[in-house]
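Read through the structure below, which is laid out as structure tokens, and then see the notes.
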Amino acid sequence: MRSKERSRGPRAAARDGDLTAAARIRDAAILRFSRDGFGVSLRTVAEDAQISGGLILYHFGTKEGLRRACDEWVLREIRESKRAVLGTGETGPWLAQLGQTDHFAPLAMYVARTLQAGGEAAAAFFDHLVDDAAGYLEEGVRSGVITPSRDPYARARFLTGMSVGTVLLEMSLRSQMLRDGDFTGFFEAIAEATTGPGLELYTQGLLTDRQMLDDYLMYVTDPPAGTDDGDIAAARP
């Protein structure tokens, strides 16, 4: 049975002793941006953090500066959590993360809100997600946990898009849960619907052979490096 132990949302203070005003502001901003998007005022964030609006400007300069700090922290948290699982293949960290929905749900929602907003900031954020994914997937390849790819970056981009796309879809299908502010329930519902089939797909595969892949590689005019006729033939089961 899955542990119901909860963390306290995106609070670095709870984990690493960071009790500064800047950390409180950042954490409050992540939660508020996750709930209401990036149109909220600094005054609202200040009220959530129980500090003065001037203190936000002192620490971050502008709303854009605050958002950059939130971006960096969210990306770091996601990167470290993925590395803890994919870098070694140990199930302990992964199972522990399943019991920390309160912590990870606002982070995932922040990602969704960022991409939903569109524009250059969203494109840059997605590129960071993909770069990080390529990094921790490569760590998994080196440790023998992840199967090597002929195009690691393209695979990282595809997997990141699938993950984010699922959340964006569910935001439309389960919009009432978000209006009610039930982030934890929202992401628990996603996890229950996708974890089993996702693990089956990633661990057992979908197709029984690689014929379609080989045919595609022969079809494209400029296949990735290392996929000439000899390589394809040698790779056939």
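The values are calculated or read from the model by the stated rules, or taken from the named source; none is laboratory data. This structure is a prediction, so every number in the text was calculated from the model and none was measured. Neighbour counts run over all protein chains shown; Cβ positions are idealised from the backbone, glycine included. Accessible surface is based on the protein model in full, side chains and every heavy atom, while ligands, DNA and RNA are left aside. Shrake-Rupley method; radii C 1.70, N 1.55, O 1.52, S 1.80 Å.
May I ask you to list the residues in the stretch 193-237 that are assigned to a helix (DSSP H, G or I), farther than 16 Å from Asp151 by Cβ and modelled with pLDDT under 55? Selection gives Asp229, Gly230, Ala233, Ala234. Applying the criterion of being hydrophobic (A, V, I, L, M, F, W, C) and assigned to a loop (DSSP other than H, G, I, E, B) to the residues of the stretch 33-54, the residue that is nearest to Ala108 (Cα to Cα) is Phe38. Determine, yes or no, whether Gly185 is in a helix (DSSP H, G or I), more than 13 Å from the chain's Cα centre (by Cα) and modelled with pLDDT under 90. Taking the combined requirement at face value, the residue satisfies it. Just wondering, is there one or more residues in the stretch 77-96 that are open to solvent by less than 20 Å² (accessible area, probe 1.4 Å), part of a helix (DSSP H, G or I) and modelled with pLDDT of 85 or more? Yes, that holds for at least one residue.
Can you give me the number of residues within the stretch 1-31 that are open to solvent by 50 Å² or more (accessible area, probe 1.4 Å) and modelled with pLDDT of 90 or more?
Qualifying residue count, the stretch 1-31: 1.
In this structure, Glu170 qualifies as within 19 Å of Phe33 (Cβ to Cβ), in a helix (DSSP H, G or I) and among the charged types (D, E, K, R).
Taken over the stretch 181-214, the residue count meeting the criterion of being surrounded by fewer than 11 Cβ atoms within 10 Å (Cβ to Cβ) and among the acidic types (Asp, Glu) is 2. Residue count for the stretch 99-153 under the criterion of being among the aliphatic types (A, V, I, L, M), surrounded by fewer than 16 Cβ atoms within 10 Å (Cβ to Cβ) and without any contact (Cβ under 8 Å) to a residue 24 or more places away in the chain: the result is 4.
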